[in-house]
Protein chains: 2
Amino acid sequence: MSQRGILSGLTVVEGSAFVAAPLCGMTLAQLGADVIRFDQIGGGLDYGRWPLADNGDSLFWAGLNKGKRSFEVDIRSERGRELVEECIAKAGTFLTNFPARGWLSYESLANRRPDLVMVLLTGNRDGTSEVDYTVNPATGFPWATGPRNYSEPLNSVLPAWDAILGGLAATGLLAADRHRLQTGEGQLVRIALSDVAFAMVGHLGRIGEAQLESEDAPRDGNYLYGAFGHDFPTSDGRRVMVVALTTRQWNALVDVTGLERTVGAIEQAMGIDLQSVSDRFKTRDVLAAVLKPWFEARTLSEVRVAFASTGVSWGAYQTFSQLVREDQRCSTDNEMWELVEHPGVGGYLMPGTPLDFSAIPRAAVRRAPQLGEHTEAVLADLLGMTSSEIGRLERDGVVRCAR
Amino acid sequence: MSQRGILSGLTVVEGSAFVAAPLCGMTLAQLGADVIRFDQIGGGLDYGRWPLADNGDSLFWAGLNKGKRSFEVDIRSERGRELVEECIAKAGTFLTNFPARGWLSYESLANRRPDLVMVLLTGNRDGTSEVDYTVNPATGFPWATGPRNYSEPLNSVLPAWDAILGGLAATGLLAADRHRLQTGEGQLVRIALSDVAFAMVGHLGRIGEAQLESEDAPRDGNYLYGAFGHDFPTSDGRRVMVVALTTRQWNALVDVTGLERTVGAIEQAMGIDLQSVSDRFKTRDVLAAVLKPWFEARTLSEVRVAFASTGVSWGAYQTFSQLVREDQRCSTDNEMWELVEHPGVGGYLMPGTPLDFSAIPRAAVRRAPQLGEHTEAVLADLLGMTSSEIGRLERDGVVRCAR
């Protein structure tokens, strides 16, 4: 399959389900790698994952498999497994979150292809299962998120850990590919979801804080931790978030809202210096109360006009629908987005890669495959099979070719 | 600087602040790249970011700059800028979220080093500013997260978009490095935070759903979207999350909790089939109510024993403190973690990379540098300067060497 892109020449076989591994493969596919996802005939565990389109097709699956080729094969049969093994040996790179045992073990696969790069995503480091929705509770964030004094943990709707794992797995795959290009050596790369999640808690300073301090910082609603940031309702029922991570951003906010004198009086009365980020954090309740009327007196578009080109750091809240309908950054005005027809579902906005490479023109956004859409092409291209051989496999129920 | 690791031989100069770009650089450093972060004398905008240790040092900065070398230089001076430009030219790879204008523009830097790979992180595609806390409101997730009928948006405490951007930037950098290894050609790689965030909304199917459906799915507390998943309190005041993404997980849960007959009666009474993931989602309130007493009658450790090796997908909620104190996965029993001394702060658990490469032994976890700790070494190694030349630069206030 002719593909231009920064990763052209890289062929990856993917055996996967759900978010992290498919996202990793899609990231590579959108950069021009030839990514071949194999699935059990009829589809894998994530083939019906919500959200669904009206015709019952999974918009989730369509979202996480864009630009890949689909190879539909009976991996419960000996012959089907052999075909997958042969594809992996030809491709040279294998990405999976399936149990890497038996026929899918690195040892077994590397026997056929000594310089194989295999990237294995697991739940925990010991290979036991864990999904985003079960590891997130363990990270500490659901108890740190939500309104002050709220008595229950709050889950994240975004599977953030899976998304972070998918990106790091792609980094790991390319690092191993670089090592192979330089030394000829393949290897097994392992990465666990809970390690990714807990490491990030540490990277952000929360592990050190928990070990060194006596108690956890309390949950704090929509306030930003350690700086000034808060949300405000506008007069037209919308809502905005305002952030001052830097003193320049704070001064811009005070300037635009015309609160210099009020802020000066607060400094004097409270004996604080609002040029200090820590003092802004400590007095966040007062600052939010002082700022609130300014926003309540303005519509969202008045706020937008007032803040334009001032250096104030802010953003409007949007629902998913408002994002699609109102935000130009999520439209075909932004070259990352294209209106693409998905067979049986209709046309909708699909994103390409957020990465722009100056040496390579941006490729057209390719939709996810239909299940089995490339079975025939994969068997022909990768394994050099003839139509009649492929026809026989299909008649024997070993593969399915969508046409 | 001798570093073993999968990316050994790669040298990256980083000019950055806050989360995404520093995280990208640290990811590369933990894989063995020589990552040299330069900062204005006295530290950049993120040098005092919370959380802080008792001595006032930033645990955030210490978390996001592990394993890098620190070059402290007056970039407001002509000579300081020249030194940074020379370092970038020698290193050949430059990672930044600073404004890429003037002396830091790709054009200017590529003049000195034609095969330069420069990775530029921006807020928006047009180069305007945006931070995690201002783009998150725009994604739709704050209105989709939180208790049913809650009337305000809910911010994420985890800067997830920054974390995802950092990983994707590392993937982009390695993809461009691969292209350079194969063709000798350098390039500018651009990536914007809002593109990363909105693309992920699309990847997860939410853009398609918003375009094709008439209204947004309502917020749904701690329920999982499109499958069965919910949290439950235990008898000892703890809380657990239970998920059934697959039918096997659901059947394991019903089996362990002994609810076969109850579940069968619900199926009959409601005319549904709980072997269907959609039916499990649609009746989630009933299922949660039926399951709740089982959890309320058990302590967390009783739940743990009952679920062990059963195929039930679940996890315990933990605060940050509980994560550090109770979870073996976040301890030196897991080789990713080491107890490392940070000067002036003390010893605490620091994570290395979650990636394991079978071809390369895992490197020791290195702490973040002290500001200016490697100024002298960088000027000597990269620019071949003598001690007396470096001493003169220091006396002139162009650089600072921490000793």
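The values are calculated or read from the model by the stated rules, or taken from the named source; none is laboratory data. Note that the structure is a prediction, hence the values are computed from the model and not measured. With ideal geometry, Cβ positions are generated from the backbone for all residues, glycine too; neighbour counts draw on all protein chains shown. With ligands, DNA and RNA removed, areas are computed over all heavy atoms of the protein, side chains included. Shrake-Rupley method; radii C 1.70, N 1.55, O 1.52, S 1.80 Å.
Name the residue that is surrounded by the fewest Cβ atoms within 10 Å (Cβ to Cβ), counting only residues in the range B:295-326 that are among the aliphatic types (A, V, I, L, M) and facing another protein chain (nearest Cβ under 7 Å). Here the answer is B:Ala316.
Answer yes or no as to whether B:Gly346 is of a type outside the set (S, T, N, Q), within 30 Å of B:Ala33 (Cβ to Cβ) and surrounded by fewer than 18 Cβ atoms within 10 Å (Cβ to Cβ). It is true that B:Gly346 is of a type outside the set (S, T, N, Q), within 30 Å of B:Ala33 (Cβ to Cβ) and surrounded by fewer than 18 Cβ atoms within 10 Å (Cβ to Cβ). Restricted to helices (runs of 4 or more DSSP H) entirely inside the range A:137-219, those with at least 3 residues that are over 16 Å from B:Asp162 (Cα atoms) and more than 7 Å from chain B (Cβ to nearest Cβ) are A:160-183.
For the range A:38-59, a residue qualifies if it is open to solvent by less than 10 Å² (accessible area, probe 1.4 Å) and closer than 21 Å to A:Val12 by Cα, and the qualifying residues are A:Phe38, A:Asp39, A:Asp46.
The residues in the range A:373-386 that are open to solvent by less than 60 Å² (accessible area, probe 1.4 Å), in a helix (DSSP H, G or I) and in contact with a helix residue (DSSP H, G or I) (Cβ under 9 Å, 6 or more places away or on another chain) can be counted, and the count is 4. Scanning the range B:230-240 for residues that are touching a Lys or Arg at 6+ places or on another chain (Cβ under 8 Å) and either facing chain A (nearest Cβ under 8 Å) or part of a loop (DSSP other than H, G, I, E, B) (or both) yields B:Asp231, B:Thr234, B:Ser235.
Only one residue in B:Ala192, B:Ala175, B:Ala160 is open to solvent by less than 30 Å² (accessible area, probe 1.4 Å), out of contact with any Asp or Glu (no Cβ under 9 Å at 6 or more places or on another chain) and not acidic (Asp, Glu), so which one is that?
On the way: B:Ala192 fails: out of contact with any Asp or Glu (no Cβ under 9 Å at 6 or more places or on another chain); B:Ala160 fails: out of contact with any Asp or Glu (no Cβ under 9 Å at 6 or more places or on another chain).
None of the other options fit; the residue is B:Ala175.
Restricting the range B:220-229 to residues that are among the aromatic types (Phe, Trp, Tyr) and assigned to a loop (DSSP other than H, G, I, E, B), the residue that is most open to solvent (accessible area, probe 1.4 Å) is B:Tyr225.
Where in the range A:266-372 are the strands (runs of 3 or more DSSP E), entirely inside, with at least 2 residues that are under 30 Å from B:Gly172 (Cα atoms) and acidic (Asp, Glu)?
Numbers: elements: A:313-316, A:337-342, A:346-351.
In the range A:266-372, A:337-342 are the strands (runs of 3 or more DSSP E) which contain 2 or more residues that are under 30 Å from B:Gly172 (Cα atoms) and acidic (Asp, Glu).
When the residues of the range A:250-265 are narrowed to those that are hydrophobic (A, V, I, L, M, F, W, C), assigned to a helix (DSSP H, G or I) and within 23 Å of A:Val305 (Cβ to Cβ), which ends up most open to solvent (accessible area, probe 1.4 Å)? Only one residue fits best here, namely A:Val256.
Of the residues that make up the range B:191-203, is at least one touching a strand residue (DSSP E or B) at 6+ places or on another chain (Cβ under 8 Å), closer than 24 Å to B:Thr11 by Cα and not polar (S, T, N, Q)?
Yes.
Could you tell me whether A:Gly32 is touching a Gly at 6+ places or on another chain (Cβ under 8 Å), small (Gly, Ala, Ser), under 30 Å from B:Glu185 (Cα atoms) and modelled with pLDDT of 95 or more? So A:Gly32 passes the test.
Keeping to the range B:74-95, report how many residues are touching a helix residue (DSSP H, G or I) at 6+ places or on another chain (Cβ under 6 Å) and within 24 Å of B:Gln30 (Cβ to Cβ). The number of residues fulfilling the criteria is 5.
Total residues in the range B:91-120 satisfying the condition of being open to solvent by 10 Å² or more (accessible area, probe 1.4 Å) and assigned to a strand (DSSP E or B): the figure is 1.
Count of the range A:121-136 residues, restricted to those that are part of a loop (DSSP other than H, G, I, E, B) and at the interface with another protein chain (Cβ under 10 Å from one of its Cβ atoms), is 8. Flag: B:Glu335 does not match the condition of being over 24 Å from B:Leu7 (Cα atoms), exposed (fewer than 15 other Cβ atoms within 10 Å of the Cβ) and either at pLDDT 95 or above or touching a Pro at 6+ places or on another chain (Cβ under 6 Å) (or both).
Set side by side, the residues A:Arg280, A:Arg329 differ, and just one is basic (Lys, Arg), open to solvent by less than 70 Å² (accessible area, probe 1.4 Å) and within 30 Å of B:Tyr47 (Cα to Cα), which is A:Arg280. The single condition from (1) open to solvent by 10 Å² or more (accessible area, probe 1.4 Å); (2) over 30 Å from A:Gly347 (Cβ atoms) that A:Leu291 fails is (1).
Can we say A:Glu130 is within 22 Å of the chain's Cα centre (by Cα), among the acidic types (Asp, Glu) and surrounded by 21 or more Cβ atoms within 10 Å (Cβ to Cβ)? Yes: the conditions hold for A:Glu130.
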